[in-house]
Each structure stands twice: as C-alpha cells, then as structure tokens.
Amino acid sequence: MKRIIFLGSIIILWEGVYKLDIWPDFMFPSPLNVLDTLIDGLMNGTYSIALLHSLRRLLIGYTIAVTLGIVISIVLATNKTMDETFGTLVLSLQSVPSVVWLPLALLWFKMGETSIIFVVVVGGIWNMIMNTSTGIKNVDPTLIRCGKNLGYQGLDLFTKIILPASIPHIITGMRLAWAFCWRALMAAEILSTGQGLGQILMWGRDMGNMNTVVSVMLMIAFTGLITDNLVFRKIELKIFEKWGLMAS
Amino acid sequence: MIKINNLNKAYGKINVLQDINLHIKESEFVSFIGPSGCGKSTLINIIAGLDKATSGKVLVDEKEINGTHTDRIMVFQNAALFPWLDVYGNVAFGLKNICKDPNEIRDKVEEVLRKVHLSKFKHHYPHQLSGGMKQRVSIARSIVMDPKILLMDEPFSALDEQTRMLLHNELQEIWMETGKTILFVTHNIREAVKLSDRVIIMGIRPGCIVDDIAIDMAHPRQSTDSNLFYKEELIFRKLKVEIEKVAKEELGNEYNFEKNHLSWEHNNTMGGGI
C-alpha cells in the first residue's frame with residue numbers, strides 16, 4: 001500500500017513538473033504520454049518483439065556464462081596452480097565493466113549477434129566463477145569426511161557431496177550473473193545493431209522521442225526487477241532455508 | 001578385534017598422541033574420556049582412517065588399516081547430515097555404495113528408521129528436524145551400513161540433557177541388540193560410565209592413556225544406580241589430575257582445583273569488624 005501511494009505521488013509530481021513547461025517535450029516527457037507509448041508499443045508488438053529479441057540473446061549468453069563458469073570454477077577449485085594464477089586474473093577481470101570488451105568483440109566477431117552475446121557472456125562469467133569456486137572451497141569439511149567415511153572417493157565424492165553442498169553459492173552466483181548479463185546486454189545493444197530493447201532506446205533518442213526512451217527504460221527496469229525478485233530471490237531463499245543457512 | 005600398537009601422532013613438533021597401546025575386544029563398548037586437547041578425537045579419527053598416524057599401527061582383525069573402510073563408520077558430533085537429501089536419502093546414502101539391490105536398500109533403510117523411531121519423518125529434510133532427531137538420523141545412517149565398529153565422536157554433546165538421556169537408552173538398546181563394537185568419545189563422565197564396559201582415561205601433553213577402568217555391571221543400566229556414582233567418583237578423581245594440568249597451563253601455576261573450604265579474609269577475622 002505504501003509503495004502504491006509513493007508511486008502515485010511520484011507520477012503526480014512528475015506530471016506537475018511537466019505541466020510547468022520549463023523544459024521542452026523532447027527533454028522532459030509527460031508520464032502519461034510515456035505510459036501511452038509503453039502500452040502502444042506492447043500492443044502493436046514493437047516492444048514485445050524487441051523484448052523477445054533481447055531475452056533470446058540474454059538467455060544464450062547467460063547459459064554459456066553459467067555453464068562455462070561452473071566448469072572453470074571446478075578446475076580452479078581442484079587445481080591449486082590454476083587457482084593461484086588464473087584465479088587472481090579472474091579477480092582483476094571482474095572489475096572491468098563488460099562494455100569495455102565490445103570494441104574487441106566487434107573486431108573479432110563483426111557487428112551483430114555474436115559480439116553482443118560475447119559481451120553478455122563476459123558480463124556474467126566472472127561473478128559466476130568467483131561464487132562457485134568460493135562455494136566449492138567452503139564446503140563444510142565434516143561433510144567431506146563423512147562422505148569419505150561412508151565409502152565415497154574421487155569423482156563420486158565430488159559430484160555427490162562437494163557439488164551439491166556448494167549449491168547455495170552457485171545459486172547466488174547465478175542470480176548475480178543474471179543481473180550483470182542484463183546490464184551488459186543493454187550496454188552492448190545500445191552501442192551495436194539489431195532489434196533489441198537497447199536499440200529501440202537508441203532509435204528513440206535519434207528521433208528525439210523521449211516518450212520512447214523513457215518507456216523502454218521502464219521496461220528494462222521492470223524486466224530486471226521481476227526476474228531478480230520474483231524468480232531468483234525466491235529460489236535463493238528456498239535453497240538457503242533447505243541448506244540451513246538461515247537463522248529460522 | 002582392534003589392536004593399537006605404539007601409535008604416535010604429531011602435528012609439526014607438537015606430540016598429540018604418544019605411545020598408545022590398546023586392545024579392544026569384539027562387542028565391547030569403550031569410552032574415551034579426557035580433557036580437551038588430549039587427542040581423543042584424533043585417536044578415533046585415526047582408527048576411522050580419516051587421519052594418519054605418524055608412526056605405529058592400528059590393526060582391525062589382524063589386518064592393518066589403510067584409509068577409510070565401510071566396516072568402520074563414524075558418527076560425527078554435529079550429525080553432519082546432507083541438507084539436500086531427506087531423512088530417507090541420508091540414511092540410504094552410504095548404503096548405496098555397498099548394496100546395489102534397490103529393494104534391499106529400501107528394506108534396510110525402513111528397518112533402521114523404525115529402530116530409531118523416525119519412520120514418520122522419512123520425507124523430512126534435515127532443516128526441519130530437531131538436534132536430537134538429526135543425531136538419530138546420523139546414527140541410523142551409520143548402523144544401516146552394518147559396520148563391525150561404530151565410532152562416535154562426542155555424538156550427544158550438543159544436545160540438551162533430556163534428549164541425551166533418551167538417546168543413551170536408545171543407543172544402549174541398539175548396542176545390546178546388534179552387539180557392535182562401539183568406541184565412544186565424550187567429555188561427560190556420567191555418560192561414559194552409564195554406557196560403557198570400559199572407560200579409558202586420557203591425559204594431556206602428550207596425549208596418552210592414563211588409566212583403563214572396567215565398569216563390570218549388567219546392561220541395561222539405570223542412571224540412578226549407586227554403583228555408577230561410585231565409578232563416576234573414581235574416574236573423576238583420576239581425571240582431575242589431568243584437568244588441573246590443563247588449567248595450570250592456561251591460567252598460571254597458582255591455580256588449584258580445590259580451594260580452601262573455610263572463608264578467609266584479612267578484614268573478617270574473629271572480632272576484626274569491631
């Protein structure tokens with residue numbers, strides 16, 4: 001309820017400032033017009049198609065980032081030399097914003113899908129690696145001893161005990177990776193070509209149509225919010241509860 | 001059945017266990033008691049094969065042990081259940097390693113769950129169980145493997161007194177029924193005296209066996225039995241020396257286990273307050 005009142009007052013305030021007519025339309029759009037454009041765009045398919053395009057890229061990039069991330073973390077967690085060399089590299093690469101990779105990607109993969117997906121992968125993978133390898137390294141040693149005691153060894157010990165025991169960390173990594181991939185995708189789409197949300201946003205700017213720009217921004221925000229809060233948060237909470245990581 | 005010959009264990013330069021020699025007969029219930037840091041947990045870990053001795057041998061049925069084996073199963077202090085498996089899955093987890101027939105696995109698991117009174121909680125996950133129930137699952141997971149030797153590392157120390165008493169009786173029943181050899185590490189003298197045939201008192205720095213006391217009384221025992229109190233007192237007196245040693249080391253030489261019984265203060269002598 002509080003949130004609805006808050007949201008309502010923001011829209012009223014926004015409309016009020018718009019009515020004062022300080023800035024021209026193309027710099028400060030009206031919230032009602034933005035809403036109109038948003039509904040219109042969703043109805044006639046422009047936005048929904050763009051959203052589907054973006055989500056498709058996101059899903060491809062995200063899947064690659066997660067799978068590759070898990071594989072690399074397994075190598076890092078089991079091989080000390082790799083951890084000391086490549087592990088530190090991951091740490092420094094993680095602080096590089098993923099858009100920075102776009103110029104290289106454009107050179108390597110040409111303008112288009114592949115380079116955008118590459119940037120998405122790079123956006124999410126470091127977080128995935130960091131979280132998963134921390135998870136694997138921090139498995140309760142008693143569980144490992146218990147597994148050995150019950151006759152598990154080598155690969156069995158890894159797949160049946162160490163990996164499941166690190167699932168809470170892996171899920172956190174997946175949630176963060178999703179968020180980072182989403183940001184990377186938007187940045188890459190704005191700078192590159194195609195039919196995603198980012199491109200519509202840029203197209204709106206080129207047309208001087210702020211209604212489009214702001215409505216696409218809203219869509220981007222909502223998509224991120226919904227997946228993060230409704231999907232990942234829920235899964236994460238459930239897993240944390242089951243693994244006994246929450247004070248009940 | 002278990003023979004330990006001249007066993008030594010050192011971490012770096014610190015001797016944790018020195019010259020341990022011990023024979024344990026089949027179906028014997030043996031408790032290890034001693035001050036913290038005396039290496040009793042290390043000893044049981046070495047017998048389990050989870051830790052390696054620096055020198056000396058552990059023989060089980062005349063064969064030297066090498067690593068873990070499913071005939072020596074450990075019950076850990078904090079139950080160490082797998083959170084992603086339900087009670088049934090946890091109990092069946094180790095069994096799947098030594099038994100391939102699914103029907104047999106099911107029958108065995110159901111039977112052992114009945115034995116520890118957890119049949120109703122088969123599909124519960126560890127986070128839904130109380131501490132006592134978790135430890136029951138842990139015990140079930142161990143005895144379902146039908147090991148020759150059951151190793152217990154302070155299994156009840158994290159439980160409240162009532163739950164512990166219940167579990168004592170259950171463990172006693174299980175032991176009398178199955179006749180397993182049980183090695184039981186504990187801090188609690190009463191627990192040790194009530195449950196075991198033999199109590200091994202360990203000393204500290206370096207960890208060694210100080211005394212080996214037989215509790216030759218019939219099972220099952222009631223905790224109100226006055227003979228138990230007599231044995232408790234006997235063990236406490238021997239253990240006191242070792243506990244005092246630790247306390248002196250930690251708190252300085254002036255520490256004395258037994259204080260002067262008379263109250264004595266300079267200002268409070270007879271007539272001093274006049």
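Is there a residue in the range B:20-41 that is within 14 Å of chain A (Cβ to nearest Cβ) and surrounded by fewer than 20 Cβ atoms within 10 Å (Cβ to Cβ)? Explain how you work it out, then say what you get.
Residues of the range B:20-41 that are within 14 Å of chain A (Cβ to nearest Cβ), as a first pass: B:41.
Next cut, surrounded by fewer than 20 Cβ atoms within 10 Å (Cβ to Cβ) only: B:41.
Yes; the residues of the range B:20-41 include at least one that is within 14 Å of chain A (Cβ to nearest Cβ) and surrounded by fewer than 20 Cβ atoms within 10 Å (Cβ to Cβ).
So A:Ser115 passes all but one of these: (1) under 18 Å from A:Ile64 (Cα atoms); (2) of a type in the set (S, T, N, Q); (3) within 14 Å of another protein chain (Cβ to nearest Cβ). Which condition number does it fail?
That leaves (3) as the condition not met.
Could you check the range A:169-194 and list, in sequence order, the residues that are of a type outside the set (A, V, I, L, M, F, W, C) and more than 14 Å from chain B (Cβ to nearest Cβ)?
Taking the range A:169-194 first, the residues of a type outside the set (A, V, I, L, M, F, W, C) are A:169, A:172-173, A:175, A:183, A:189, A:192-194.
Of everything in the range A:169-194, those that are of a type outside the set (A, V, I, L, M, F, W, C) and more than 14 Å from chain B (Cβ to nearest Cβ) turn out to be A:Thr172, A:Gly173, A:Arg175, A:Arg183, A:Glu189, A:Ser192, A:Thr193, A:Gly194.
Run B:Thr54 past the list (1) in contact with a Leu (Cβ under 9 Å, 6 or more places away or on another chain); (2) without any contact (Cβ under 8 Å) to a residue 40 or more places away in the chain; (3) farther than 30 Å from A:Pro164 by Cβ and report the number of the one that doesn't hold.
(2)
Take the residues of the range A:214-248 that are over 15 Å from A:Leu58 (Cβ atoms) and hydroxyl-bearing (Ser, Thr, Tyr): which is farthest from the other protein chains (Cβ to nearest Cβ)?
The residue in question is A:Ser215.
For the range B:1-26, enumerate the residues that are of a type in the set (Lys, Arg) and touching a helix residue (DSSP H, G or I) at 6+ places or on another chain (Cβ under 8 Å).
Restricting attention to the range B:1-26, the residues satisfying the condition of being of a type in the set (Lys, Arg) are B:3, B:9, B:13, B:25.
Within the range B:1-26, just B:Lys9 meets the criteria.
Quick one: would you say B:Leu113 is touching a residue at least 12 places away in the same chain (Cβ under 8 Å), within 14 Å of chain A (Cβ to nearest Cβ), under 23 Å from B:Leu171 (Cβ atoms) and assigned to a helix (DSSP H, G or I)?
Details: touching a residue at least 12 places away in the same chain (Cβ under 8 Å): yes; within 14 Å of chain A (Cβ to nearest Cβ): no; under 23 Å from B:Leu171 (Cβ atoms): yes; assigned to a helix (DSSP H, G or I): yes.
So B:Leu113 does not fit the description; no.
Any residue in the range B:15-30 that is under 27 Å from B:Thr70 (Cβ atoms), at pLDDT below 85 and among the β-branched types (Val, Ile, Thr)?
yes
Table: residues versus (1) crowded, with 20+ Cβ neighbours inside 10 Å; (2) of a type outside the set (S, T, N, Q); (3) touching a His at 6+ places or on another chain (Cβ under 6 Å).
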{"site": "B:Asn103", "(1), (2), (3)": "no, no, no"}
{"site": "B:Glu111", "(1), (2), (3)": "no, yes, no"}
{"site": "B:Ser119", "(1), (2), (3)": "no, no, no"}
{"site": "B:Gln135", "(1), (2), (3)": "yes, no, no"}
{"site": "B:Ala158", "(1), (2), (3)": "no, yes, no"}
{"site": "B:Leu166", "(1), (2), (3)": "no, yes, no"}
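Of a type outside the set (Val, Ile, Thr) and buried (at least 19 other Cβ atoms within 10 Å of the Cβ): is that true of B:Arg198 in this structure? Outline the logic, then answer.
Working: of a type outside the set (Val, Ile, Thr): yes; buried (at least 19 other Cβ atoms within 10 Å of the Cβ): no.
It is false that B:Arg198 is of a type outside the set (Val, Ile, Thr) and buried (at least 19 other Cβ atoms within 10 Å of the Cβ).
Quick check on the range A:169-189. Is at least one of its residues buried (at least 19 other Cβ atoms within 10 Å of the Cβ) and in contact with a Lys or Arg (Cβ under 7 Å, 6 or more places away or on another chain)?
Checking the range A:169-189: at least one residue is buried (at least 19 other Cβ atoms within 10 Å of the Cβ) and in contact with a Lys or Arg (Cβ under 7 Å, 6 or more places away or on another chain).
If you take the residues in the range B:80-94 that are in a helix (DSSP H, G or I) and at pLDDT 85 or above, which one is farthest from the other protein chains (Cβ to nearest Cβ)? Give the derivation first.
Residues of the range B:80-94 that are in a helix (DSSP H, G or I), as a first pass: B:87-94.
After this cut, where a residue has to be at pLDDT 85 or above as well, the list is B:87-93.
Details: B:Val87: 13, B:Tyr88: 15, B:Gly89: 11, B:Asn90: 10, B:Val91: 11, B:Ala92: 11, B:Phe93: 6 Å.
Filtering the range B:80-94 for residues that are in a helix (DSSP H, G or I) and at pLDDT 85 or above, the one farthest from the other protein chains (Cβ to nearest Cβ) comes out as B:Tyr88.
Quickly run through the range A:169-194 and pick out the residues that are over 9 Å from the mean Cα position of the chain (by Cα), farther than 13 Å from A:Leu58 by Cα and in contact (Cβ under 8 Å) with a residue 40 or more places away in the chain.
Step one: filter the range A:169-194 for residues over 9 Å from the mean Cα position of the chain (by Cα), giving A:169-173, A:186-194.
Next, only the ones that are farther than 13 Å from A:Leu58 by Cα stay: A:169-173, A:190-194.
A:Ile170, A:Ile171, A:Thr172, A:Gly173, A:Leu191, A:Ser192, A:Thr193, A:Gly194 - these are the residues of the range A:169-194 that are over 9 Å from the mean Cα position of the chain (by Cα), farther than 13 Å from A:Leu58 by Cα and in contact (Cβ under 8 Å) with a residue 40 or more places away in the chain.
Using the structure shown, decide if A:Ser166 is more than 14 Å from chain B (Cβ to nearest Cβ) and touching a helix residue (DSSP H, G or I) at 6+ places or on another chain (Cβ under 7 Å).
Details: more than 14 Å from chain B (Cβ to nearest Cβ): no; touching a helix residue (DSSP H, G or I) at 6+ places or on another chain (Cβ under 7 Å): yes.
Answer is no for this residue.
Away from chain B (no Cβ under 14 Å), in contact with a Gly (Cβ under 9 Å, 6 or more places away or on another chain) and crowded, with 17+ Cβ neighbours inside 10 Å: does that describe A:Leu201?
Numbers: away from chain B (no Cβ under 14 Å): yes; in contact with a Gly (Cβ under 9 Å, 6 or more places away or on another chain): no; crowded, with 17+ Cβ neighbours inside 10 Å: yes.
Answer is no for this residue.
Within the range A:126-147, does at least one residue satisfy the condition of being away from chain B (no Cβ under 14 Å), buried (at least 22 other Cβ atoms within 10 Å of the Cβ) and either under 30 Å from B:Pro147 (Cα atoms) or among the β-branched types (Val, Ile, Thr) (or both)?
So far as the range A:126-147 goes, yes, one or more of its residues are away from chain B (no Cβ under 14 Å), buried (at least 22 other Cβ atoms within 10 Å of the Cβ) and either under 30 Å from B:Pro147 (Cα atoms) or among the β-branched types (Val, Ile, Thr) (or both).
Kindly indicate the residue of the range A:85-113 that is β-branched (Val, Ile, Thr) and either surrounded by 14 or more Cβ atoms within 10 Å (Cβ to Cβ) or within 17 Å of the chain's Cα centre (by Cα) (or both) and also farthest from A:Ala177 (Cα to Cα) among those meeting that condition. Steps first, answer last, please.
The first filter runs over the range A:85-113 and keeps only residues β-branched (Val, Ile, Thr), leaving A:85, A:88, A:90, A:96, A:99-100.
Keeping just the survivors that are either surrounded by 14 or more Cβ atoms within 10 Å (Cβ to Cβ) or within 17 Å of the chain's Cα centre (by Cα) (or both) gives A:90, A:96, A:99-100.
Numbers: A:Val90: 14, A:Val96: 14, A:Val99: 15, A:Val100: 17 Å.
Taking the candidates together, the pick is A:Val100.
Which of the residues belonging to the range A:207-227 are of a type outside the set (Val, Ile, Thr), surrounded by 16 or more Cβ atoms within 10 Å (Cβ to Cβ) and farther than 16 Å from A:Ile190 by Cβ?
Once the filter is applied, which keeps residues that are of a type outside the set (Val, Ile, Thr), surrounded by 16 or more Cβ atoms within 10 Å (Cβ to Cβ) and farther than 16 Å from A:Ile190 by Cβ, the range A:207-227 yields only A:Asn211.
Looking only at the range B:116-131, filter to residues that are closer than 25 Å to B:Arg72 by Cβ and away from chain A (no Cβ under 14 Å); which one of those is farthest from the chain's Cα centre (by Cα)?
Ranking the candidates gives B:Leu118 first.
Can you report the number of residues in the range B:65-79 which are within 7 Å of chain A (Cβ to nearest Cβ) and more than 25 Å from B:Met133 (Cβ to Cβ)? Write out each step before concluding.
Taking the range B:65-79 first, the residues within 7 Å of chain A (Cβ to nearest Cβ) are B:68, B:70, B:73-74, B:76, B:78.
Next cut, more than 25 Å from B:Met133 (Cβ to Cβ) only: B:68.
Qualifying residue count for the region: 1.
What's the number of the only condition in (1) among the aliphatic types (A, V, I, L, M); (2) free of Cβ contacts under 8 Å to residues at least 40 places away in the same chain; (3) closer than 18 Å to A:Ala184 by Cβ; (4) surrounded by 13 or more Cβ atoms within 10 Å (Cβ to Cβ) that A:Met82 fails to meet?
Tallying (1) among the aliphatic types (A, V, I, L, M); (2) free of Cβ contacts under 8 Å to residues at least 40 places away in the same chain; (3) closer than 18 Å to A:Ala184 by Cβ; (4) surrounded by 13 or more Cβ atoms within 10 Å (Cβ to Cβ), A:Met82 fails exactly one: (3).
The conditions are (1) within 23 Å of B:Leu43 (Cβ to Cβ); (2) touching a Pro at 6+ places or on another chain (Cβ under 8 Å); (3) aliphatic (A, V, I, L, M), and B:Ala192 fails exactly one of them. Which is it?
So the condition that B:Ala192 fails would be (2).
Quick one: in the range B:48-64, of everything that is within 14 Å of chain A (Cβ to nearest Cβ) and assigned to a loop (DSSP other than H, G, I, E, B), which residue is surrounded by the fewest Cβ atoms within 10 Å (Cβ to Cβ)?
Only one residue tops the list, namely B:Lys52.
For B:Ala158, state whether it is under 18 Å from the mean Cα position of the chain (by Cα), touching a residue at least 12 places away in the same chain (Cβ under 8 Å) and assigned to a loop (DSSP other than H, G, I, E, B).
Values: under 18 Å from the mean Cα position of the chain (by Cα): yes; touching a residue at least 12 places away in the same chain (Cβ under 8 Å): yes; assigned to a loop (DSSP other than H, G, I, E, B): yes.
Yes: the conditions hold for B:Ala158.
The values are calculated or read from the model by the stated rules, or taken from the named source; none is laboratory data. Given the structure is predicted, the values throughout are model-derived calculations rather than measurements. A quick note on method: Cβ atoms are made from the backbone with ideal geometry, for glycine too, and the neighbour counts reach across all protein chains shown.
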